[in-house]
Amino acid sequence: MKKHHHIFENCLKAYHNINIIIMKSQNEYDLNSVLEYFPKFELSYEKIAHKKVHNANILLAIPEGKKYFAWFTTYKEDNVCFLLEIGDDNQIKHVKLALTSFSDKLVLGTIFYGTLFKKDIDCFCIEDLYFYKGMNCIHKIYSDKLAILKSILKEEMSQNCLFNHFTIFGLPLLSCDFNMLIKEIETLPYKVSQIKFRFFEKNNSRKILFVKYFKPANACNKNHNNFSNNYNSPNNNNLQKAVFKVTPDLEPDIYNLFIYNDGKEEYYDYAFIPDYKTSVMMNKLFRNIKENDNLDSIEESDDENEFQDEREDKFVFLDRSFKMNCEFNSKFRRWVPNNLADKNDRLISSNILSKKYK
């Protein structure tokens, strides 16, 4: 066991009533029988955000990996921690045991939501708390959830890796400052896929905004070659061109980009609106805004309208879509809409994007 005996003894002295869950055959855990006692609740709604989210209280750097529930419960008289894999449709599709150490009291009904990733060992990044010892925490403010999670990790779980197949639980990298978070992400030993924005106000307890994370251009070691054929940019190797289908969002300056994949269109990312000129152009295409030439006044009134106007899509043509020529901004690693493309132009395919920009 690579001299783990003394670590195990120290762990038992420090943590009372700790359960060391030995991994059993996966065939012993039928998904339906496990889910029979799993509480029914809805995941918090996550929405793509604009690059600026000024009123978020805390920012989370989310690792790259699959989404899971971690459920501490009793199963056939054993105190266990189940890892329940969540599919793209937010349905649980697979169950397995986590080999970890924890206090008996957690099995009264404790459920974490987070990301499972591997860095030498299995790591579970806790993003949210839904139940704690049977207490429903779904609508608790996020600051209270963080306090409970920090207490659990300190007092009721062991951070010692006792075996090679152990799963270690922890919180993501947290910060109140976006620029500071970006700098700290570059020092992490694992990949980050998203930055999430959370709020401490009671009425926003389940509000989650996120942006995809890309390494800053000066931190990337990848050599991005020009696209071939119609995707070449003759004057600047850092600016690549492509055609996307673009649709609007309710939020100002938020536009969705769609690509071609396996014979159908699929969502890719949100567009980057870098300046006043681009914002005006997009508003004229997708929004009914009389004050299009005075965006400052629009931004000042947006927050008030969101609360008072019941018809949120009053000024947005949500049924509109256009093929647009876009340019890749290498600094922010986002696609910027430039102008309307020809109706017969083909959308860029996912295989080209995955080769050039992943």
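Quick notes
- Some residue of region 89-98 being surrounded by 15 or more Cβ atoms within 10 Å (Cβ to Cβ), over 16 Å from Tyr68 (Cβ atoms) and in contact with a Ser or Thr (Cβ under 6 Å, 6 or more places away or on another chain): no
- Failed item in (1) part of a strand (DSSP E or B); (2) of a type outside the set (Ser, Thr, Tyr); (3) modelled with pLDDT of 90 or more, with Val211 passing the rest: (3)
- Only one of the listed residues (Ser44, Ser33) is of a type in the set (Ser, Thr, Tyr), in the same structural domain as Ser205 (by TED's automatic domain parsing) and within 17 Å of the chain's Cα centre (by Cα). That residue is Ser44.
- Restricting region 141-164 to residues that are over 16 Å from Phe200 (Cβ atoms) and either polar (S, T, N, Q) or at pLDDT below 90 (or both), the residue that is surrounded by the most Cβ atoms within 10 Å (Cβ to Cβ) is Ser158.
- Selection within region 331-358 - of a type in the set (Gly, Ala, Ser) and surrounded by fewer than 18 Cβ atoms within 10 Å (Cβ to Cβ): Ser349, Ser350, Ser354
- Asn79 meets the conditions (1) closer than 17 Å to Phe166 by Cα; (2) of a type outside the set (A, V, I, L, M); (3) free of Cβ contacts under 8 Å to residues at least 60 places away in the same chain; (4) touching a helix residue (DSSP H, G or I) at 6+ places or on another chain (Cβ under 6 Å) in every case but one. The failed one is (3).
- Of all residues in region 118-152, exactly one satisfies the criterion of being within 16 Å of Asn57 (Cβ to Cβ), out of contact with any Asp or Glu (no Cβ under 9 Å at 6 or more places or on another chain) and part of a loop (DSSP other than H, G, I, E, B), namely Lys140.
- Taken together, the residues in region 39-84 that are among the acidic types (Asp, Glu) and either surrounded by 16 or more Cβ atoms within 10 Å (Cβ to Cβ) or closer than 19 Å to Met135 by Cβ (or both) amount to 1.
- Among the residues listed as Thr167, Thr115, the single one being at pLDDT 95 or above and assigned to a strand (DSSP E or B): Thr115
- Pick from region 170-184, criterion surrounded by 16 or more Cβ atoms within 10 Å (Cβ to Cβ) and touching a Lys or Arg at 6+ places or on another chain (Cβ under 9 Å), ranking: modelled with the lowest pLDDT: Phe178
- Residues of region 188-205 classified as under 16 Å from Glu64 (Cβ atoms) and not hydrophobic (A, V, I, L, M, F, W, C), total: 6
- Some residue of region 195-203 being assigned to a helix (DSSP H, G or I), assigned by TED's automatic domain parsing to the domain that holds Leu129 and at pLDDT below 85: yes
The values are calculated or read from the model by the stated rules, or taken from the named source; none is laboratory data. Everything numeric here is computed off the predicted structure, so don't read it as measured data. Here the Cβ is made from the backbone with ideal geometry for all residues, glycine too, and neighbour counts use every protein chain on show.
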